Amino acid sequence: MRYQSYAYGQNHWERDPDLHHVLAHYWPGFTAHEDELRRFGALAGREVYEVAYHVDHDAPPVLVMHDLDGNRVDRVRLSPAQEALLRELAPMNRPPYEGGRWLHHYALGYLVADPGLYCILTITNQTAYVIHKYAPEFAEWKEKLLRGAFWGATWMTEIQGGSDLGANTLQAVRDGDAWRLDGEKYFCSGAGLTDVALVTARPEGAPAGPKGLALFLVPRINRAGALNYHVRRLKDKSATRAVPSGEVEFRGSEAFQVGEAEHGIYYTLEVLTVSRLANAIAGMGIARKAHLEVLERVQRRRSFGQLLVNHPLIRRDLTDMAVRVAGGLVLGFHAADRFEKAWEERPPYTARYHYARFLSHLAKNRTADHAAEVTRLAMELFGGIGFLEEYAVARWHREALITPIWEGPSNIQALDLLEAMHKKRAHEAFLAEFIPILEKAGTHEARAAREVIEGTLARLADSEPEAAQWYAKDATIRLADAAQVGLLYQLAETAGERYARLAALYARRFLLGEEYPAWALREPAVWSA
Ligand SMILES: Cc1cc2nc3c(=O)[nH]c(=O)nc-3n(C[C@H](O)[C@H](O)[C@H](O)COP(=O)(O)OP(=O)(O)OC[C@H]3O[C@@H](n4cnc5c(N)ncnc54)[C@H](O)[C@@H]3O)c2cc1C
């Protein structure tokens with residue numbers, strides 16, 4: 001890889017001052033784990049880089065459908081390098097379940113970033129989460145999931161729709177102390193790899209719509225020792241190739257109900273929050289990898305007799321990257337921090353939980369835009385070789401493009417945000433938190449952010465339902481942008497003036513619709529880290 005990437009071989013923890021400052025703000029205790037973070041940073045810059053590229057280009061998972069005796073086995077064969085790496089990474093899911101922090105987990109996820117590998121770890125984490133909170137009788141599975149002896153999965157999407165979970169038709173019929181599932185799931189990450197999956201299904205007699213869905217744990221092998229479902233095929237994806245994603249057929253498959261059937265949709269939304277936060281933080285991790293590649297490139301490549309970094313427009317593009325990377329990172333960790341404070345709640349939830357969900361929509365949606373744009377710009381700044389699959393940078397853009405799609409595309413984040421506002425009044429906590437932050441910052445840009453928040457919320461409140469949906473996506477972006485301005489100002493209090501500069505730049509560009517002001521041209525501190 002050293003001929004294909006500049007970021008390869010670097011310690012990605014040591015190269016990331018933004019991450020250090022964000023963790024110091026939200027998780028001061030991180031210093032006790034610094035050795036682990038440094039070790040992960042080295043792993044992220046070497047083995048993760050090597051294996052993710054290798055799997056993507058040369059060794060994607062292969063579905064083995066029959067054994068030598070003709071029996072269906074439906075198991076994937078992974079590259080041995082990927083298997084070994086996954087086992088090494090598996091303990092990163094442990095901290096929240098062992099008295100530690102979600103921020104600890106997400107910091108490691110940010111360093112790994114690769115969405116194929118991190119998807120496998122996240123769906124495993126989500127399965128452990130559900131057992132931990134709602135199905136303690138399966139604690140033995142949880143232990144295996146947390147030590148990399150088992151892999152989990154979360155299968156909700158059916159062929160007729162992923163966004164509209166209420167349209168799920170997979171049927172569950174009671175059979176003694178268990179259930180039998182019949183039907184199909186159409187997008188199943190972890191298919192052929194997973195040992196136990198979380199699956200949404202509709203128990204017989206349950207009402208139509210999302211409230212009629214229950215959540216089940218479905219092992220690959222049933223209690224009689226037989227294969228419990230079939231993997232019809234793996235999908236041919238443009239990225240995230242490290243995670244096998246397939247189609248699964250359930251025919252009388254044995255399943256175990258999680259908690260109370262009528263709370264299934266709430267459990268499902270809880271696990272979605274875990275993965276939406278992972279998506280947000282790893283999305284910024286992906287952006288950061290591309291950014292690291294570019295920071296090195298502009299110091300090496302010359303044009304018109306100068307290093308690239310000395311051209312004003314290159315500095316402008318580096319500023320764009322620095323602003324988005326820092327803004328998205330602090331928003332992702334802020335949302336994760338609020339989730340951490342609410343995650344032990346159960347239905348019916350308090351306002352604290354609804355607010356955490358509200359922030360997860362803002363973060364998931366806007367970081368995905370940042371990841372897609374930063375990685376696209378990175379390709380462009382590499383020029384023609386940025387477009388070549390031979391080198392590392394093109395893959396990051398392909399990988400980034402999943403972040404706006406899975407875990408709910410932008411329209412779905414916007415509709416869920418609207419619901420959290422109208423039904424749960426979650427925006428009140430947002431106002432209560434962000435208006436004081438922006439008032440304290442007191443700058444012209446902070447005032448602009450306050451006006452954006454108030455104007456955006458007022459427009460949604462004044463709109464009839466269809467118009468409110470029309471405005472909801474723009475609102476999800478504008479509220480996230482105003483939040484990033486506030487959070488960068490807040491970060492400046494502990495991490496220094498650079499973050500107040502980034503806050504002002506962010507507001508100029510994304511709230512006021514101006515070009516980044518040219519004063520940044522002569523401030524390498526803004527764009528060179
Ligand atoms: C690589 C990969 C892995 C995946 N892994 C899994 C997995 O493990 N488990 C799983 O359950 N799913 C998985 N998915 C599925 C993924 O979560 C869905 O594709 C996604 O949620 C969107 O659902 P859909 O594809 O059915 O699109 P649709 O629901 O058909 O939506 C299509 C478009 O319409 C928009 N839309 C839908 N409804 C509305 C509305 N009311 N108003 C406005 N716009 C709307 C959506 O935003 C979207 O842009 C995976 C997908 C991919 C690509």
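The values are calculated or read from the model by the stated rules, or taken from the named source; none is laboratory data. These numbers come from a predicted model, not from an experiment. Glycine also receives a Cβ, built like all others from the backbone with ideal geometry; neighbour counts cover every protein chain displayed.
Tabulated data
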item: Residue within region 205-220 that is outside any strand (DSSP E or B), aliphatic (A, V, I, L, M), at pLDDT 95 or above and in contact with a helix residue (DSSP H, G or I) (Cβ under 6 Å, 6 or more places away or on another chain) present; result: yes
item: Residues of region 177-201 that turn out to be more than 15 Å from the ligand (Cβ to nearest atom) and basic (Lys, Arg), as a count; result: 1
item: Given (1) surrounded by fewer than 19 Cβ atoms within 10 Å (Cβ to Cβ); (2) in contact with a Lys or Arg (Cβ under 8 Å, 6 or more places away or on another chain); (3) not aliphatic (A, V, I, L, M), index of the condition HIS370 fails; result: (1)
item: Single match in LEU78, LEU170 (criterion: within 13 Å of the ligand (Cβ to nearest atom), over 17 Å from the mean Cα position of the chain (by Cα) and modelled with pLDDT of 95 or more); result: LEU170
item: All helices (runs of 4 or more DSSP H) inside region 1-79 with 1 or more residues being farther than 30 Å from ARG233 by Cα and not hydrophobic (A, V, I, L, M, F, W, C); result: 17-26, 34-43
item: Positions within region 70-96 being over 16 Å from TYR118 (Cα atoms), basic (Lys, Arg) and in contact (Cβ under 8 Å) with a residue 24 or more places away in the chain, in sequence order; result: ARG72, ARG75
item: Flag for GLU399 being surrounded by 19 or more Cβ atoms within 10 Å (Cβ to Cβ), more than 29 Å from GLY166 (Cβ to Cβ) and out of contact with any Leu (no Cβ under 8 Å at 6 or more places or on another chain); result: yes
item: Which listed residue, of THR157, THR122, is touching a Leu at 6+ places or on another chain (Cβ under 9 Å) and either β-branched (Val, Ile, Thr) or at pLDDT 95 or above (or both); result: THR157
item: Enumeration of residues in region 1-27 that are over 20 Å from ARG498 (Cα atoms) and without any contact (Cβ under 8 Å) to a residue 60 or more places away in the chain; result: ARG2, TYR3, GLY9, ASN11
item: Filter result (within 26 Å of HIS291 (Cα to Cα) and out of contact with any helix residue (DSSP H, G or I) (no Cβ under 7 Å at 6 or more places or on another chain)) within region 409-430; result: PRO409
item: Residue among PHE250, PHE216, PHE256 that alone is aromatic (Phe, Trp, Tyr) and away from the ligand (no atom under 15 Å from the Cβ); result: PHE256
item: Per-region count, region 150-167, residues in contact (Cβ under 8 Å) with a residue 24 or more places away in the chain and either among the small types (Gly, Ala, Ser) or near the ligand (Cβ under 10 Å from one of its atoms) (or both); result: 12
item: Selected residue (only one of ALA326, ALA336 is out of contact with any Asp or Glu (no Cβ under 7 Å at 6 or more places or on another chain) and assigned to a helix (DSSP H, G or I)); result: ALA336
item: So ASP67, is it surrounded by fewer than 17 Cβ atoms within 10 Å (Cβ to Cβ), more than 30 Å from GLY225 (Cβ to Cβ) and free of Cβ contacts under 8 Å to residues at least 60 places away in the same chain; result: no
item: Residue in region 228-241 that is nearest to the ligand (Cβ to nearest atom), counting only those that are more than 14 Å from ALA400 (Cα to Cα) and among the aliphatic types (A, V, I, L, M); result: LEU234
item: Matching helices (runs of 4 or more DSSP H) fully within region 100-183 where at least 2 residues are closer than 30 Å to GLN10 by Cα, outside the structural domain of PHE250 (by TED's automatic domain parsing) and hydroxyl-bearing (Ser, Thr, Tyr); result: 102-112, 115-134
item: Candidate set: region 376-426, residues that are away from the ligand (no atom under 11 Å from the Cβ) and of a type in the set (Val, Ile, Thr); chosen: the one nearest to the chain's Cα centre (by Cα); result: VAL393
item: Flag for VAL51 being of a type outside the set (Lys, Arg), touching a strand residue (DSSP E or B) at 6+ places or on another chain (Cβ under 7 Å), on the phi < 0 side of the Ramachandran plot and modelled with pLDDT of 95 or more; result: no
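Condition check ((1) in contact (Cβ under 8 Å) with a residue 24 or more places away in the chain; (2) of a type in the set (Gly, Ala, Ser); (3) touching a Gly at 6+ places or on another chain (Cβ under 9 Å); (4) closer than 17 Å to GLY285 by Cα) across all residues:
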{"residue": "HIS105", "(1), (2), (3), (4)": "no, no, no, yes"}
{"residue": "ASP114", "(1), (2), (3), (4)": "yes, no, yes, yes"}
{"residue": "ILE120", "(1), (2), (3), (4)": "yes, no, yes, yes"}
{"residue": "ASN125", "(1), (2), (3), (4)": "yes, no, yes, no"}
{"residue": "PHE138", "(1), (2), (3), (4)": "yes, no, no, no"}
